[in-house]
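Contents: one structure, followed by commentary.
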Amino acid sequence: QVQLVESGGGLVQAGGSLRLSCAASGSIFSINLMDWYRQAPGKQRELAATITSDGTTSYADSVKGRFTISRDYTKNMVYLQMNSLKPEDTAVYYCSANIQMRGSVWPARYWGQGTLVTVSS
């Protein structure tokens, strides 16, 4: 069994910052990709940022230059530092990862429950 648990969401004024954290736990053999997705009210879920096992990062154009994704490989954690927040960043943010469990041949995609970020104008 594998779990992803996010934390760090909340209410912030436009221009402010928040740092999201996500902890992966369970019978984990390895983790390659870790991502942050977000889903705004009435919209489809979209990929915000990705970090690979070798530390390569990529970002959606809408967050590039404002958000930074990082990982702690020893703790199986991923973070999303969000700066210069805008009202349009308001969304539920989900952590996701490709995780190979101990005893499994192939990795599988796992999701957290999400954490709400609200940016007021």
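What the table below lists for this structure:
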{"read-out": "Extension gain from S7 to S121, taking 0.36 nm per residue of separation minus the Cα-Cα distance", "value": "38.8 nm"}
{"read-out": "P(r) histogram, all alpha-carbon pairs of the stretch 54-121 included - 10 Å bins from 0, percent", "value": "16, 44, 29, 9, 1"}
{"read-out": "Simple label model, 7 Å out from Cα along Cβ direction - R109 to S62, nm", "value": "1.8"}
{"read-out": "By accessible area with a 1.4 Å probe, ligands and nucleic acids excluded, highest first: order of E46, E88, E6", "value": "E88, E46, E6"}
{"read-out": "For the stretch 27-44, Karplus couplings with θ = phi - 60° (6.51, -1.76, 1.60), whole Hz, Gly/Pro x", "value": "7, 9, 8, 7, 10, 9, 6, 10, 9, 10, 10, 8, 9, 7, x, x, 10, 6"}
{"read-out": "At q = 0.19, 0.23 Å⁻¹, base-10 log of I(q)/I(0) for the chain (Debye sum, equal scatterers on each alpha carbon)", "value": "-0.96, -1.33"}
{"read-out": "Euclidean distance of C-alpha centroids, the stretch 32-77 and the stretch 90-111, integer Å", "value": "13"}
{"read-out": "Check: the stretch 12-121 dipole with +1 on Lys, Arg Cβ and -1 on Asp, Glu Cβ, in debye", "value": "120"}
{"read-out": "In order through the stretch 8-21: 3J(HN,Hα) via Karplus (6.51 cos²θ - 1.76 cosθ + 1.60), integer Hz, x for Gly, Pro", "value": "x, x, x, 9, 9, 7, 4, x, x, 10, 9, 10, 8, 10"}
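The values are calculated or read from the model by the stated rules, or taken from the named source; none is laboratory data. Only a predicted model underlies this, so the values are computations on that prediction, with no experimental measurement involved. We place every Cβ from the backbone using ideal geometry, glycine too, and count neighbours over all the protein chains shown. Side chains are part of the model used for accessible areas, which takes the heavy atoms of the whole protein and leaves out ligands, DNA and RNA. Shrake-Rupley method; radii C 1.70, N 1.55, O 1.52, S 1.80 Å.
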